[in-house]
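Reading through the C-alpha cells given below for one structure.
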Amino acid sequence: MTSSPPGASETDLGRKRRARKIGRVLAETHPDAHCELDHTNALELAVATILSAQCTDKKVNEVTPKLFARYPNAAAYAGADRAEMEELIRPTGFYRNKTDSLLKLGQALLDRYDGRVPGRLVHLVTLPGIGRKTANVILGNAFDVPGITVDTHFQRLVHRWRLTTETDPVKIEHAIGALYEKRDWTMLSHRIIFHGRRVCHARKPACGSCTLAKLCPSYGTGPTEPTAAVKLLKGPRARDLAVAAGVDPELVPAQAVAAEVP
Ligand code: SF4
C-alpha cells in the first residue's frame, strides 16, 4: 500500500500538527540558529538589516564593525558625511540608497524618538528604510518581542511545506503565526531561514539529506539520492546536518562544509 504525501487532503488541525512537528524537527536540526547579522543593540541591528537588502549577511558583517565604531548613535548617522558613509558601505551594494536611508533614519530617530529605536511595530514601520520585515527582525532580536520574519527563504519553505497558499508577506506572517505559539515566532523564523540557507535551497534542495523529508509534501523537488543530496548541504555544520537526516556524514564533501552560506 502506498501512503499519500504529507499535506494531501489535510484538515486544518492536521496541518497545524504537522507544522508543529516541523517546528520541533527544525529545533533539533538547527540548535545554532540565530540572527546572522552581528549587532549589540537595536540601532546596530536596524542599520545592519538595512544594509542586508540584496546582500549576504556575511558581507554586511564585514562592513559593520567599522561603521558602528564610526557612527555610535542616531546623531552620528544624522550628521554623517554622505561621501564617507558611501565609501564605508559600498561593498554591500546599492550604497547610495542605503546611505540615504541611514542618514534619514538617524534624523528621524533624533526628531521623533529622542535618538532611540522604538520598540513597537507601529512606530518602527514609519522609519526610513524600515519595512515590516525589518521591524520584526528588530522586535524579535533587540526587544524580545516575538516576531515572524517573512524573507525569501521563509516564503519558499512554508510554500514547499504547504502550510499556506498566501503569497503576500503580511498574510503569510499571519497564517504562519496562527499555527505556532507566539513565544516561538522569533526562533522559528531563524530556524526556517537557517534551513533555507543550508538545506532547502531555491534551485536544488537537498531532499535526500533533509530531516523534514517525511513531513514535506515537496520531497523530491531536489535529489532524493543521499549521495547526490549531501553535496548540496552547506556550511560548517553540513556533516551534523547529514547525521541528523540519517545519512553517512562521510559522504559530505569538504566543499559542502567550506561552502559559503548564502
Ligand atoms: S524535503 Fe526537500 S523540499 Fe522538503 S524541506 Fe527538505 S529539502 Fe526542502
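The values are calculated or read from the model by the stated rules, or taken from the named source; none is laboratory data. The model shown is predicted, which means the values in this text are computed figures rather than measured ones. Cβ coordinates were reconstructed from backbone atoms using ideal geometry, including for glycine residues, and neighbour counts include every protein chain displayed. What goes into the accessible areas is simple: the full protein's heavy atoms, side chains included, and nothing from ligands, DNA or RNA. Shrake-Rupley method; radii C 1.70, N 1.55, O 1.52, S 1.80 Å.
Tabulated data for the structure shown
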read-out: HN-Hα J in Hz across region 236-246 - Karplus 6.51, -1.76, 1.60, θ = phi - 60°, x for Gly and Pro; value: x, 9, 4, 5, 5, 5, 5, 4, 4, 8, x
read-out: ASN61 versus ARG24: modelled label distance in nm, points set 7 Å from Cα along the beta carbon direction; value: 3.1
read-out: Shape call, region 189-240: gyration tensor on alpha carbons, a/c limit 1.5; value: oblate
read-out: Assigned charges on the beta-carbon of Lys, Arg, Asp, Glu; the chain dipole about Cα centre (debye); value: 680
read-out: Under 22 Å between alpha carbons - lysine pairs in region 102-204 that sit 8 or more apart or on different chains; value: 4
read-out: Cβ-Cβ FRET estimate between HIS174 and ALA8, R0 fixed at 30 Å, reported to 0.05; value: 0.80
read-out: Accessible carbon and sulfur surface of the chain relative to its total accessible area, %, 1.4 Å; value: 51
read-out: Centre separation in Å (Cα based) which lies between region 51-81 and region 187-255; value: 33
read-out: Contact order relative to length of the chain, as percent, for alpha carbon pairs under 8 angstrom and 6 or more apart; value: 18
read-out: Folded to 0 to 90 degrees: helix 185-198 orientation relative to the chain principal axis, Cα; value: 70
read-out: The chain: Cα Rg divided by the 2.2 N^0.38 Å rule of thumb; value: 1.09
read-out: Tail beyond 22 Å, pair distance distribution of region 39-174 (Cα, percent); value: 38
read-out: Where labels lie 7 Å past Cα in the beta-carbon direction, separation of ARG82 and ASN97 in nm; value: 1.7
read-out: Estimated distance in nm for a label pair at GLU250 and HIS159, the labels positioned 7 Å out from Cα along Cα-to-Cβ; value: 4.0
read-out: Surface accessible to a 1.4 Å probe, per residue, for the residues of region 101-165, Å²; value: 44
read-out: Folded to 0 to 90 degrees: helix 132-142 orientation relative to the chain principal axis, Cα; value: 90
read-out: Neighbour count of at most 14 Cβ within 10 Å plus DSSP loop: longest GluC sites (Glu not before Pro)-free window in the chain; value: 1-180
read-out: Sequence ranges 211-222, 231-242, ranked by mean other-Cβ count within 10 angstrom, highest first; value: 231-242, 211-222
